[in-house]
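Visitor: Before I ask anything, here is the structure I am working with.
The values are calculated or read from the model by the stated rules, or taken from the named source; none is laboratory data. Since this is a predicted model, take the numbers as computed values, not measurements. Here the Cβ positions follow ideal geometry from the backbone for every residue, glycine too, while neighbour counts run over all protein chains shown. Note: accessible area is taken over every heavy atom of the protein model, side chains too, but ligands, DNA and RNA are not part of it. Shrake-Rupley method; radii C 1.70, N 1.55, O 1.52, S 1.80 Å.
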Amino acid sequence: MVGNPPPQHLRETPPAREAATPSRACPAIAVVGSGPAGCYAAQFLAKKWPDSEITVFESLPAPYGLIRYGVAADHQGTKGVSRQFDRLFTRDGVRFAGNVTIGRDIAFDRLAESFDIIVLATGLPGDRGLAVPCEQGARVVGAGALLRALNGFPQDVLPRDEEGRCVPLGRRVVVVGMGNVALDVLRLLSKKDFTGSDIHDELLGRIRPAPPETIDVLARSRASQSKCDAAMLRELIALADVDVAVSGLTGTDEGPVVDLLREFAGPAGPQDVPGRTQVTFHFGLVPESITARGGATVLAARRPDDGGPPAEFAADTVVTAIGFTQGEACPRQDWAGDHVYRVGWLRRGARGTIAQNRKDAQAVVRSIVDDFEAGRIGTAGPGFRAVEGSLAERVVGFPDWQRIDDVERRAAPPGRCRRKITEIEQMLAIAMGHNRKDVA
Amino acid sequence: MNTLTILFGTESGNAEMVAEDVAAALADNGIEARVTGMEDYDVDELGNEKLVVLITSTYGEGELPESAAPFYEALTKSEPDLSGLRFAAFGLGDSTYETYNNGIATLIATFTDLGASQLGETGYHDADSGLPASDVAIEWASTIPVPTASV
């Protein structure tokens, strides 16, 4: 749910459900954001009220938010959850209203007066920054921005040269953080075989002409407190493309992550196989500063109980993977009211997997149902028809998206399941039903 | 009326979708199936069932989904005699991970230990295969020799 596409006129309107009857038994519902939290909320709401009018608004012409642009391109199994959500729009009568940004294309107040229930599910698309002094000229990239770019997100925000081309991340990379997102970064930068994925190959080739020789991973916490899933770490360790070393393990560390890493304790050995990436995990190191020195970006970090000089890591690029924030995206704080709910990461912070956010959606829908049954929510809202007139020219409906989806799948190069379209103009042209020969 | 019960355990909702789709496919073949989440199912009811279909995913380090855990615990605690019960089993997993399909294996072992007999082969869906789970499950269900006549 980020992105700021240019205005575009589409002639096609989405297939409407039967017009709402004047006196309905069910509320008219708007979900803002089509990522997992929004789609799960729509799913539970549609199950509770099969006859309700539900519209899922999305800024981009393509649905599914984090599933399409956050889940790593080589984790297609995880992305498969979108098959459930396809049914919302193809079978269960939920309307997809893509290419519509609340707050720009419709004022929030207008939305709030048109629908009985508003569910905000815009996620946390911004990378949390590292709260240390950072010298101008240092090259620091957020993990979310990196993963989005490798997922073919329409507006990547990676560092560029004077000619506007993405610059390579370099031979030496430092990753700050030890959650699943950090592991995605490690795997995508060191892995060579992306068979079956829909990774953005051109961008990967530009930012990683060859895998880094070294990646140093800095974790503030001890190994026992690592936030990553052991299964994700196991996947990385099993790659033929990486050698692993670990510093900062203590004798009292325990748990599944520690069990996996214990055998690699000690400094990195000499690099004996060219083309492999030496990944070294450093636990218990707190970053202090980032400076630009002699063309390198230098991260200084220290063990809290260590009085000596800080350890320095010279890198071509520092990637931060320490969580997400709202960034500059909607919604504003005053997007609130008795019938306005928040769900998923927007509500609970950037914690938990897709499945855990399903439970959150379930809980939020339960409280919506309670409010409805207690009479705190009405059924008087006119719903989508009240805003349709001002949006009809730009709305990308689900059949329109399916045309984009079809073109992307058919354009997949050998060994890839899809080739994403990264230009919004081009997505909109396909959504309108022309321009097919230009891309297929 | 002798209806079949499909019990699903899910974390992401995929196994629930598969359970509903298998039920719809069975209905097309004249077999009535009731779909229930394991979290909403009382294990005491198993004594009244003739045939259940178990559909579950695997999570974390090979565990059953959280929604299936109470069902599993109730089974291992009350140890009902399931010798009159037949069951079919389908697992959803991701071969990217080592614990691929541990969840369904746990349930099969438990049902077998309690005397139930398995009907047909265990079905599997590998999320990494890119195939739609429901297509694989419906194909699998067609190989299960479900008795069509009511007893």
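Visitor: Filter the range B:47-62 down to the residues that are within 14 Å of chain A (Cβ to nearest Cβ) and in contact with a Ser or Thr (Cβ under 7 Å, 6 or more places away or on another chain), then identify the one that is surrounded by the most Cβ atoms within 10 Å (Cβ to Cβ).
Guide: B:SER57
Visitor: With respect to the numbered conditions (1) more than 30 Å from A:ALA380 (Cβ to Cβ); (2) under 18 Å from the mean Cα position of the chain (by Cα); (3) of a type outside the set (Lys, Arg), which one is the sole condition not fulfilled by A:THR101?
Guide: Just one mismatch for A:THR101, condition (1).
Visitor: Could you please find all residues in the range A:426-440 being open to solvent by 30 Å² or more (accessible area, probe 1.4 Å) and modelled with pLDDT of 95 or more?
Guide: A:GLN426 - this is the single residue of the range A:426-440 that is open to solvent by 30 Å² or more (accessible area, probe 1.4 Å) and modelled with pLDDT of 95 or more.
Visitor: Restricting attention to the range A:311-359, report how many residues are part of a helix (DSSP H, G or I) and buried (at least 21 other Cβ atoms within 10 Å of the Cβ). Walk me through it before giving the result.
Guide: Going residue by residue through the range A:311-359, those that are part of a helix (DSSP H, G or I) are A:345-348, A:354-359.
In the following step, the residues that additionally are buried (at least 21 other Cβ atoms within 10 Å of the Cβ) were identified as A:345-346, A:354-355, A:357-358.
Selection size over the range A:311-359: 6.
Visitor: Now for a separate question. Working only within the range B:25-55, note down all residues that are within 23 Å of B:GLY115 (Cα to Cα), in a helix (DSSP H, G or I) and of a type in the set (A, V, I, L, M).
Guide: B:MET38, B:VAL43, B:LEU46
Visitor: Among the residues of the range A:367-379, write down those that are open to solvent by 50 Å² or more (accessible area, probe 1.4 Å) and in contact with a Lys or Arg (Cβ under 9 Å, 6 or more places away or on another chain). First the steps, then the outcome.
Guide: Taking the range A:367-379 first, the residues open to solvent by 50 Å² or more (accessible area, probe 1.4 Å) are A:370, A:373-376.
Matches in the range A:367-379: A:ASP370 only.
Visitor: Among the residues of the range B:69-78, is there at least one that is surrounded by fewer than 21 Cβ atoms within 10 Å (Cβ to Cβ), under 16 Å from B:ASP42 (Cα atoms) and within 14 Å of chain A (Cβ to nearest Cβ)?
Guide: yes
Visitor: Need pairs with beta-carbon distance below 6 Å; first residue within 14 Å of chain A (Cβ to nearest Cβ) and on the phi > 0 side of the Ramachandran plot and within the range B:82-102, second of a type in the set (Val, Ile, Thr) and open to solvent by less than 50 Å² (accessible area, probe 1.4 Å); sequence gap 6+ or separate chains.
Guide: B:ASN101/B:THR58
Visitor: OK, next. What number of residues within the range A:225-281 satisfy the criterion of being closer than 22 Å to A:VAL319 by Cα and either in a loop (DSSP other than H, G, I, E, B) or in contact (Cβ under 8 Å) with a residue 60 or more places away in the chain (or both)?
Guide: Summing the residues that are closer than 22 Å to A:VAL319 by Cα and either in a loop (DSSP other than H, G, I, E, B) or in contact (Cβ under 8 Å) with a residue 60 or more places away in the chain (or both) in the range A:225-281 gives 16.
Visitor: If I ask for residues that are crowded, with 17+ Cβ neighbours inside 10 Å and more than 29 Å from A:THR195 (Cα to Cα), which ones from the range A:266-286 would you list?
Guide: Residues satisfying the conditions are A:HIS282, A:PHE283, A:GLY284, A:LEU285.
Visitor: Go through the range B:79-99 and give me each residue that's under 19 Å from B:GLY120 (Cβ atoms), open to solvent by 30 Å² or more (accessible area, probe 1.4 Å) and either touching a Leu at 6+ places or on another chain (Cβ under 8 Å) or polar (S, T, N, Q) (or both).
Guide: Keep residues of the range B:79-99 that are under 19 Å from B:GLY120 (Cβ atoms), which gives B:82-93.
From what's left, open to solvent by 30 Å² or more (accessible area, probe 1.4 Å): B:83-84, B:86.
Residues satisfying the conditions are B:SER83, B:ARG86.
Visitor: Does A:PRO256 satisfy being over 30 Å from A:GLU373 (Cα atoms) and surrounded by 14 or more Cβ atoms within 10 Å (Cβ to Cβ)?
Guide: Working: over 30 Å from A:GLU373 (Cα atoms): yes; surrounded by 14 or more Cβ atoms within 10 Å (Cβ to Cβ): yes.
Yes.
Visitor: Counting only residues that are among the aliphatic types (A, V, I, L, M) and farther than 23 Å from A:ALA311 by Cβ, which one in the range A:237-263 is nearest to the other protein chains (Cβ to nearest Cβ)?
Guide: Residues of the range A:237-263 that are among the aliphatic types (A, V, I, L, M), as a first pass: A:237-240, A:242, A:244-246, A:249, A:257-258, A:260-261.
Those left that are additionally farther than 23 Å from A:ALA311 by Cβ: A:237-240, A:260.
Details: A:ILE237: 11, A:ALA238: 8, A:LEU239: 11, A:ALA240: 15, A:LEU260: 11 Å.
Checking each candidate, the answer is A:ALA238.
Visitor: Still on this structure, please answer the following. Within the range B:103-135, track down each residue that is within 14 Å of chain A (Cβ to nearest Cβ), open to solvent by 50 Å² or more (accessible area, probe 1.4 Å) and under 13 Å from the mean Cα position of the chain (by Cα).
Guide: If we filter the range B:103-135 for residues that are within 14 Å of chain A (Cβ to nearest Cβ), which is where we start, we get B:103, B:124-135.
Within this subset, residues satisfying the condition of being open to solvent by 50 Å² or more (accessible area, probe 1.4 Å) are B:124, B:128-129, B:131, B:135.
Scanning the range B:103-135 gives a single hit, B:TYR124.
Visitor: Is it the case that A:GLY294 is more than 28 Å from the chain's Cα centre (by Cα) and farther than 24 Å from A:ALA138 by Cβ?
Guide: Working: more than 28 Å from the chain's Cα centre (by Cα): yes; farther than 24 Å from A:ALA138 by Cβ: no.
Spelling it out, it is not the case that A:GLY294 is more than 28 Å from the chain's Cα centre (by Cα) and farther than 24 Å from A:ALA138 by Cβ.
Visitor: Turning to a different aspect of this structure: Considering (1) modelled with pLDDT under 95; (2) open to solvent by 20 Å² or more (accessible area, probe 1.4 Å), say which one A:GLY126 fails and leave the rest.
Guide: (2)
Visitor: Here's a follow-up. Looking at A:ARG68 and the list (1) buried (at least 20 other Cβ atoms within 10 Å of the Cβ); (2) within 14 Å of chain B (Cβ to nearest Cβ), which single condition is not satisfied?
Guide: Against the list (1) buried (at least 20 other Cβ atoms within 10 Å of the Cβ); (2) within 14 Å of chain B (Cβ to nearest Cβ), A:ARG68 comes up short only on (2).
Visitor: Scan the range B:9-35 residue by residue and report those that are within 14 Å of chain A (Cβ to nearest Cβ), free of Cβ contacts under 8 Å to residues at least 60 places away in the same chain and of a type outside the set (A, V, I, L, M).
Guide: Taking the range B:9-35 first, the residues within 14 Å of chain A (Cβ to nearest Cβ) are B:9-21, B:24, B:35.
When the remaining residues are screened for being free of Cβ contacts under 8 Å to residues at least 60 places away in the same chain, the result is B:10-13, B:16, B:19-20, B:24, B:35.
Across the range B:9-35, the qualifying residues are B:THR10, B:GLU11, B:SER12, B:GLY13, B:GLU16, B:GLU20.
Visitor: Also, quick follow-up: Among the residues of the range A:388-411, which ones are modelled with pLDDT under 95 and not in a loop (DSSP other than H, G, I, E, B)? Spell out how you get there, then give the answer.
Guide: From the range A:388-411, those modelled with pLDDT under 95 are A:388-394; that's our starting set.
A:GLU388, A:GLY389, A:SER390, A:LEU391 - these are the residues of the range A:388-411 that are modelled with pLDDT under 95 and not in a loop (DSSP other than H, G, I, E, B).
Visitor: Give A:SER59, A:SER82, A:SER34, A:SER52 a once-over and let me know the one that is within 14 Å of chain B (Cβ to nearest Cβ) and either touching a Phe, Trp or Tyr at 6+ places or on another chain (Cβ under 8 Å) or farther than 27 Å from A:ALA231 by Cβ (or both).
Guide: On the way: A:SER59 fails: within 14 Å of chain B (Cβ to nearest Cβ); A:SER34 fails: within 14 Å of chain B (Cβ to nearest Cβ); A:SER52 fails: within 14 Å of chain B (Cβ to nearest Cβ).
Step by step, each of A:SER59, A:SER82, A:SER34, A:SER52 is checked, and only A:SER82 is within 14 Å of chain B (Cβ to nearest Cβ) and either touching a Phe, Trp or Tyr at 6+ places or on another chain (Cβ under 8 Å) or farther than 27 Å from A:ALA231 by Cβ (or both).
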